[in-house]
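What follows is a set of notes on a single structure, which appears directly below.
Derivation of every value follows stated rules applied to the coordinates shown; laboratory data play no part. These numbers were taken from a predicted model, which means no experiment stands behind them. In this analysis, Cβ positions are derived from the backbone assuming ideal geometry, glycine residues included, and neighbour counts consider all displayed protein chains.
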Amino acid sequence: MKWNSETIVRQVLTVIAFSSIAGLLLIALFILKEGLPFILKIGPQAFLLNSNWDPANGHYGIYPMIVASIWITLGAMLVGAPLGVAGAIFLNEFVPKPAMRVIKPTLELLAGIPSVVFGFIGVMVLAPLIRAYLGGPGLSLLAGALILGIMILPTVISISTDAIAAVPASYREGALALGATRWQAVHMVILKAARSGILASIILAMGRAVGETMAVIMVAGNAVKIPHGPLDSVRTLTANIALEMGYATGLHRQALFATGVVLFIFIMILNSLAGLVLRKKVRRS
């Protein structure tokens, strides 16, 4: 093989790419190695469907935290998905191009704000408002859902904007030529053509919400119980790991790794769904 600069660069990039993949595989194997034996030891049903989390007395049920994670994630999607898609439509269809080049990067800066800042705003502003006007402790499932809904906006807006921008201009021009209004063209043609990309953005944002830790710890209240309403305090799977890993030992530590396995499976499923949706979009195009 003749070695030139192009070949060397290709080989270096290949090594770097496989190093990233190897790192991810090692992390996954480590989590599975530490967590799976515990799940098999006490049984998946006892671990996933038991409502009693009391490691000091040998109880390791994570069902309340699974329910809390699902509800907070769904609440975040109810807030973030419609706002994100609406923002993407507004940026693509109703904002002048020079203004969009300023507004879109500004919105994407939200992704760079540390989650602890969102949590601080939730504790100092959102939780007191909920407590004053709706009741309850303020630090609640509702507060967590609202904060996460804001945090996932950059993901939904960015990917949805790209998906809408990728729709051929002829689709829009054809709808307008047939007598459709601007909104009818967007609603009946553009959104349908871009729905795969928009759906992928929502699924990826859902994965982001499931894995969020710091902001949820600060605003959700961290009570290990099944929520019966949006004003109840809850603890998510990620919050449980972050709060207790610092002092956990023995079976308690293994239980937290097993919780990580459950989270890993959730996020892998969501990312796989997003990949399937994006591949479907590519095949159609």
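Some observations on this one:
- Angle between the chain longest axis and helix 97-108 axis [Cα atoms, degrees, rounded to 10]: 10 degrees
- Anchor residue 97: aspartates and glutamates whose Cα lies under 18 Å away (excluding residues fewer than 8 positions away in-chain): 108, 162, 173
- Helical mean residue ellipticity (222 nm; -39500 (n - 2.57) per DSSP H run of 4+; nearest 500) of the chain: -23500 deg cm²/dmol
- Protection proxy ranking of 23-34, 178-189, by the mean of other Cβ atoms within 10 Å over each peptide's residues and highest first, is 178-189, 23-34.
- 5 angstrom amide H check on residue 60, placed H, neighbours 5+ away: 54
- Working note: Debye formula, equal point scatterers on the alpha-carbon atoms of segment 45-284, no solvent; log10 I(q)/I(0) at q = 0.09 Å⁻¹ is -0.46.
- Derived scalar couplings ³J(HN,Hα) [segment 234-244; Karplus, 6.51 cos²θ - 1.76 cosθ + 1.60; whole Hz; x for Gly, Pro]: 9, 10, 8, 4, 5, 5, 4, 5, 5, 6, 10
- The share of alpha-carbon pairs in segment 135-276 lying farther apart than 21 Å comes to 58%.
- Approximate spin-label separation residue 40-residue 86, in nm, with each point projected 7 Å along Cα-to-Cβ: 5.0 nm
- Ordered by the count of other Cβ atoms within 10 Å of each Cβ, fewest first, 104, 97, 41 give 97, 41, 104.
- Distance distribution P(r), segment 197-285, all Cα-Cα pairs, bin width 10 angstrom from 0: 16, 35, 30, 14, 5, 0 percent.
- Relative to the longest principal axis of the Cα atoms of the chain, helix 153-165 runs at roughly 30 degrees.
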